[in-house]
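Trainee: Right, I'll just put the structure down here and ask away after.
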Amino acid sequence: VVAPTGSGKTLIGEVIAVTRILREGIKVLYLTPYRALSEEIAKTFRRRYQIKVGIATGDYRDQPISLLGTYDLLVVTYEKADHILRENPSWLEYVKLVIVDEIHSLGDRSRGPTLDIVLTMLKERKIQIIGLSATIKNPEDISDWLGATLIISKYRPVKLLECIYNITTSEIIIYDPKPHEV
């Protein structure tokens, strides 16, 4: 799914994940590039849905991988997903859906190779993959590689404005780069 920021890409992932968890009893992994984003996503799922949501980002608070299978939905960083897949816990066989937030990170020098390996391992397991991005440059190539249906939308429900904070006057200057758009 390729669409502008604030257009509902995450909601698409949420609806599919929660629907499949409740209807089929599957487990879902939600992959993010950063710990802060993982925390935000986990908090959103916990607030909105009555499912067991866990988080594992590779920090000191993480539970042992063998215990992470108690969750319906597990939010993890790309690096933690790599670690989980290499350890291959028994609960992994129940993971049937993976949502990859910021899938354009495949092109990132530091995180791209890890995400590439993770996606390759997921494809080998025949797990459904939903990729989300606002800025991916080659969505056709990625969707072909994943064997996925590409959905592209340019609709932006929230107008994008540029702002500058002037420290000396404590003033916010707002610039509208496309004033003709509502």
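Trainee: Taking into account only those residues within the stretch 68-84 that are in a helix (DSSP H, G or I) and hydrophobic (A, V, I, L, M, F, W, C), which is farthest from the chain's Cα centre (by Cα)?
Mentor: L68
Trainee: Additional query: Can you name every residue in the stretch 111-152 that is under 19 Å from R86 (Cβ atoms) and hydroxyl-bearing (S, T, Y)?
Mentor: T114, T120
Trainee: Go through the stretch 1-17 residue by residue and tally those that are out of contact with any Ser or Thr (no Cβ under 7 Å at 6 or more places or on another chain) and outside any helix (DSSP H, G or I). Walk me through how you get there before you give the answer.
Mentor: Looking only at the stretch 1-17, we keep the residues that are out of contact with any Ser or Thr (no Cβ under 7 Å at 6 or more places or on another chain), and these are 1, 4-6, 8-17.
When the remaining residues are screened for being outside any helix (DSSP H, G or I), the result is 1, 4-6, 8.
Going through the stretch 1-17 one residue at a time, the tally reaches 5.
Trainee: Got a number for residues in the stretch 36-57 being open to solvent by less than 60 Å² (accessible area, probe 1.4 Å) and part of a helix (DSSP H, G or I)?
Mentor: Looking only at that region, the number is 6.
Trainee: Does the stretch 28-35 contain at least one residue that is open to solvent by 50 Å² or more (accessible area, probe 1.4 Å), more than 12 Å from the chain's Cα centre (by Cα) and not polar (S, T, N, Q)?
Mentor: no
Trainee: Here are the criteria: (1) open to solvent by less than 10 Å² (accessible area, probe 1.4 Å); (2) modelled with pLDDT under 95. Tell me which single one G107 does not satisfy.
Mentor: Among (1) open to solvent by less than 10 Å² (accessible area, probe 1.4 Å); (2) modelled with pLDDT under 95, G107 violates only (1).
Trainee: Please specify each residue of the stretch 127-152 satisfying the condition of being assigned to a loop (DSSP other than H, G, I, E, B) and open to solvent by 50 Å² or more (accessible area, probe 1.4 Å).
Mentor: Looking only at the stretch 127-152, we keep the residues that are assigned to a loop (DSSP other than H, G, I, E, B), and these are 127, 134-138, 147-151.
Residues satisfying the conditions are T135, K137, N138, G147, T149, L150, I151.
The values are calculated or read from the model by the stated rules, or taken from the named source; none is laboratory data. What you see is a predicted model, and the numbers here were worked out from it, not measured in a lab. Please note: Cβ atoms are built from the backbone with ideal geometry, for glycine as well, and neighbour counts cover all protein chains shown. We work out accessible area using only protein heavy atoms, side chains counted, and drop any ligands, DNA or RNA first. Shrake-Rupley method; radii C 1.70, N 1.55, O 1.52, S 1.80 Å.
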